[in-house]
Amino acid sequence: PRQPAKTLWYDRPRYVYLEFCVEDSTDVNVVIEDQRLVFSCKNADGVEFYNEINLYARVNSKDSQEKRSDRSITCFMRKWKEKVPWPRITKENIKPAWLSVDFDNWRDWEGDEEMERAMVEQYAEV
């Protein structure tokens, strides 16, 4: 039986970020389409996780990537329309129980672009 991974998300001027909280993940598969993201993996106990998100707005799937760590898998997706805030990550105006806003990373956009660029570059180097 598959179950959804606990997921955090936050919004930035150029990218929208999703973090799937699965420790020691294996068989990670992330498919980013223009308006949809499909995530699947297993954890150390062999539990299968599966999340499918119809995205609020269009993203540039070619300029989107993911990074795996021992604690989670983070995806960042380039917005098609930059500097347009996303009020939510899902197309439907319903909040799944497994999805929440990452308030630690959610902040005002004032002067935030430099920070974001640094973050993305840091990810890209890994």
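The values are calculated or read from the model by the stated rules, or taken from the named source; none is laboratory data. Being a predicted model, the structure only gives us computed values, none of them experimental. Positions of Cβ are generated from backbone atoms using ideal geometry, with glycine treated the same way; all protein chains shown enter the neighbour counts. The accessibility values were calculated without ligands, DNA or RNA, using every heavy atom of the protein model including side chains. Shrake-Rupley method; radii C 1.70, N 1.55, O 1.52, S 1.80 Å.
Confirm whether ASP63 is in contact with a Leu (Cβ under 9 Å, 6 or more places away or on another chain), of a type outside the set (S, T, N, Q) and either part of a strand (DSSP E or B) or at negative phi (or both).
Numbers: in contact with a Leu (Cβ under 9 Å, 6 or more places away or on another chain): no; of a type outside the set (S, T, N, Q): yes; either part of a strand (DSSP E or B) or at negative phi (or both): yes.
When the stated conditions are applied, ASP63 does not pass them.
If TYR56 passes every condition in (1) among the hydroxyl-bearing types (Ser, Thr, Tyr); (2) open to solvent by 30 Å² or more (accessible area, probe 1.4 Å); (3) over 13 Å from the mean Cα position of the chain (by Cα) but one, which one does it miss?
Looking at each condition in turn, TYR56 falls short on (3).
Between residues in the range 75-98 that are under 13 Å from LEU18 (Cα atoms) and outside any strand (DSSP E or B) and residues that are open to solvent by 50 Å² or more (accessible area, probe 1.4 Å) and basic (Lys, Arg), which pairs lie under 6 Å by C-beta distance while being six or more apart or on different chains?
From residues that are under 13 Å from LEU18 (Cα atoms) and outside any strand (DSSP E or B), the pairs are TRP98/LYS6.
Between ARG12, ARG36, which is of a type in the set (Lys, Arg) and at pLDDT 95 or above?
Residue meeting the stated conditions: ARG36.
Do the conditions hold for VAL38, that is, is it touching a residue at least 24 places away in the same chain (Cβ under 8 Å), of a type in the set (A, V, I, L, M, F, W, C), under 18 Å from PRO4 (Cα atoms) and exposed (fewer than 15 other Cβ atoms within 10 Å of the Cβ)?
no
Could you tell me whether the range 104-120 includes any residue that is loosely packed, with under 12 Cβ neighbours inside 10 Å, in contact (Cβ under 8 Å) with a residue 40 or more places away in the chain, over 11 Å from the mean Cα position of the chain (by Cα) and in a loop (DSSP other than H, G, I, E, B)?
No, that holds for no residue.
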